[in-house]
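The values are calculated or read from the model by the stated rules, or taken from the named source; none is laboratory data. Values in this document were obtained by computation on a predicted structure and should not be read as measured data. Note that each Cβ is placed from the backbone with ideal geometry, even for glycine, and that neighbours are counted across all protein chains shown.
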Amino acid sequence: MSLNENIKENIKNNKIKVFVILIVLVFAIIMILINKNKDENKVYNDKDYIYVSEIIDIGGIKSKLPHINLYGEEIDLINKDITTKYYTENLIGEKYMDYEYYKNANILSLIVKLYYLESNDFVPASIYFYNIDKNTGKILSNEELLNIYNVSELEIKNILLESIKEYYDYEIKMNYISNCDFNCYKEGIGSDILDNTSFYVKDNYLYAYKYFPIDRNLAYDDNAPFELFRFKIK
């Protein structure tokens, strides 16, 4: 009997064993493919890092509740805090919630915004920034974020002042303001430009968010050469 015939004979005599082995191999391959695509830091692997967990229609406007899809005690606390704000404002019926978020290499940035329903304000009534280490689920403080990007407070102050000077020059050019030099313009910022300045990460770049009073014409100027109150740092 030839070698091939011996192999065929063994397979024929051990059909059940061969069938079991094939099933185990197929199952192993499937599990490898599943685990290869699985993000162990996510609670729900089939959902994004931030997803809408609920939408409520308030006066024809969609109020969206974002949920951070990561493990971690700090994450749980933030999700509860955002949920509390969401339901509180919805019950009062004065504000609605919206959000934006950015996935970066290691940092997830979530920006939660509350707007008045009956208002044409160009900025949110309240805005909250959350920067999260995707690998650990840790909430990053401003100080930790600046250390990651190796940027000092002095550098940030200088960048913000340069950017705000662009606002001033543009408002002067468009005749939105007059009889006010740059020192006068800066008075609305406060004594420390970093007060109430928040940070987030977009496309792996560090950004600062700093609100300060501007002329309403600038607020509704779609041709302005910058995004209001958002400044690329590094």
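Scanning segment 164-210 for residues that are touching a helix residue (DSSP H, G or I) at 6+ places or on another chain (Cβ under 8 Å), under 23 Å from residue 146 (Cα atoms) and among the small types (Gly, Ala, Ser), which turns out surrounded by the fewest Cβ atoms within 10 Å (Cβ to Cβ)? Among those that are touching a helix residue (DSSP H, G or I) at 6+ places or on another chain (Cβ under 8 Å), under 23 Å from residue 146 (Cα atoms) and among the small types (Gly, Ala, Ser), it is 198. Per the conditions (1) crowded, with 17+ Cβ neighbours inside 10 Å; (2) closer than 16 Å to residue 129 by Cα, the sole criterion not satisfied by residue 90 is (2). Of the numbered criteria (1) over 29 Å from residue 105 (Cβ atoms); (2) at pLDDT 95 or above; (3) of a type in the set (S, T, N, Q), the one residue 191 fails is (2). At least 3 residues being closer than 30 Å to residue 71 by Cα and without any contact (Cβ under 8 Å) to a residue 12 or more places away in the chain is the threshold, and among the helices (runs of 4 or more DSSP H) wholly inside segment 119-234 those reaching it are 142-148. Total residues in segment 100-113 satisfying the condition of being more than 15 Å from residue 52 (Cα to Cα) and either outside any strand (DSSP E or B) or over 9 Å from the mean Cα position of the chain (by Cα) (or both): the figure is 3.
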